[in-house]
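Everything on this sheet refers to the single structure shown next.
The values are calculated or read from the model by the stated rules, or taken from the named source; none is laboratory data. From a predicted model like this one, the values you see are computed outputs, not experimental measurements. Using ideal geometry, Cβ is built from the backbone for each residue, glycine included, and neighbour counts are taken over all protein chains shown. Only protein heavy atoms, including side chains, enter the accessible area calculation; ligands, DNA and RNA are left aside. Shrake-Rupley method; radii C 1.70, N 1.55, O 1.52, S 1.80 Å.
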Amino acid sequence: MISLLKVINLHKSFGKVKALKGISFEVQPATVHGFLGPNGAGKTTTMKILSGLISFDEGSILFENLNYKTNKNAIVKQIGFLPQNPVFYGYLTPVEYLNLIGQICNFESRTIQKRTEEVLEIVKLSNVSKRKISTFSGGMLQRLGIAVAIFNKPKLLLLDEPTASLDPEGRAEVLEHIKSLKEEGITVFFSTHILNDVERICDYVTILHEGKVIVSSSLENLQKRYIQPIFCVEFESIPENFKDRLSKVSYIQKIDIDNYGKVSIFVNNIEYAKIDLIKILSQFETPILSFYLRKPSLEDIFIKVVDKSDI
Ligand SMILES: Nc1ncnc2c1ncn2[C@@H]1O[C@H](COP(=O)(O)OP(=O)(O)OP(=O)(O)O)[C@@H](O)[C@H]1O
């Protein structure tokens, strides 16, 4: 499959500040790709370069295998961008605002009307299409921002921290919409600090740290790579001499039991333990309520990879 976007060894400096130090990553079509990194990592700089707002110093960008430098105008038309804090004219309604966008894009009035109806339907704002924007909640404003960014039917949509200023309800609303854009054939590349958002909707993740890409992979592969060799077990009650009896098992390194009776078993041979441990546990004649291999959260992974890159 041809990548929709390939960023190769991209460099960008602002005076003495090296914001991007040779970053490379690819974005696959019809996916949601999370772009993560601490403050100042270079996320917004990357987004601004991709949307054509600022230039880059070195490296190359390919969009559907076309070189960005020599085809910039054609490529930028296929990329929608929602900046971090979009500003709207509050005295307009969504219909009036989108009509204005259509006029700026030089569309014919019939096309503007049709596309306005379509995008308001996609972001589920049709029922408030004639209400003043100044009365909108944060979640509604972000959805209107998405409507503006997809007005031109982009293949790639760049969203810079789309959920940062929202409460949990607004976040859930916007995340659901981002996910549904995939069904409209739009590839979404979005930056965030909120790891949980990425876990909820992303297929791929790129982690940026101090201007360098430290991980770029599918979320599934990332979770497999960083899987923790810890099994969690919950018994109806902790069996007698539990720790002593298990301490004789060669692949078990450590056993922790928390205040609620949840047991964490740390192992050094995960593949063998996957088969053998449950057999051993079933020999204790105490009902087992749950047994699972702990899946690392994106937060666990993020801390691990960012720490490693500091070494
Ligand atoms: N116009 C500019 N002039 C000078 N330095 C800049 C400019 N824009 C960005 N920088 C610097 O480049 C680095 C990367 O900034 P950038 O805004 O891309 O980070 P970010 O990952 O988006 O951070 P945040 O999550 O805080 O928005 C930072 O050190 C920042 O101070």
Query raised in the report: Could you give the radius of gyration (one decimal) and Dmax (whole number) of the Cα atoms in the chain, in Å?
Result: 24.3, 79
**Report entry** Inter-label distance for Thr70 and Lys21, nm, one decimal - labels placed 7 Å from Cα along Cα-to-Cβ
**Finding:** 3.2 nm
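Using a ≥ b ≥ c from the Cα gyration tensor of the range 228-294 (square roots of the eigenvalues), is it rounded, prolate or oblate, where a/c under 1.5 gives rounded and otherwise the larger of a/b and b/c decides, a/b for prolate? Could the numbers behind the result be given before it?
On the way: a/c = 1.43, a/b = 1.33, b/c = 1.08.
The shape class here is rounded.
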**Report entry** Computed [θ] at 222 nm, helices only, for the chain once each DSSP H run of length n ≥ 4 contributes -39500 (n - 2.57)
**Finding:** -10500 deg cm²/dmol
Query raised in the report: Hey, what's the Kirkwood Rh for the range 161-230 if you take every pair of different alpha carbons, in angstrom?
Result: 13.5 Å
Requested in this report: Mind ranking 140-153, 273-286, 192-205, 4-17 by how tightly packed they are, going by the mean number of other C-beta atoms within 10 angstrom, highest first?
Outcome: 140-153, 192-205, 4-17, 273-286
Query raised in the report: Helix 168-181: angle to the longest alpha-carbon principal axis of the chain, degrees 0 to 90, nearest 10?
Result: 70 degrees
Report summary line: Answer in debye to the nearest 20: the dipole magnitude of the range 95-155 about its Cα centre, from +1 Lys/Arg and -1 Asp/Glu charges placed on Cβ, is 100 debye
Report summary line: A 1.4 Å probe over the protein heavy atoms gives the range 160-230 a carbon and sulfur accessible-area percentage of 44 percent
Report summary line: For Lys243, counting only lysines whose alpha-carbon sits under 17 Å away and dropping same-chain residues fewer than eight positions off, the answer is Lys254, Lys262, Lys279
Query - Proximal lysines relative to Lys153, as straight alpha-carbon distance under 23 Å, when same-chain residues fewer than 8 apart are discounted - result: Lys6, Lys48, Lys69, Lys72, Lys77, Lys114, Lys124, Lys130, Lys179, Lys182
Query - Cβ-based net charge around Glu64, under 14 Å, with every Lys or Arg adding one and every Asp or Glu removing one - result: +3
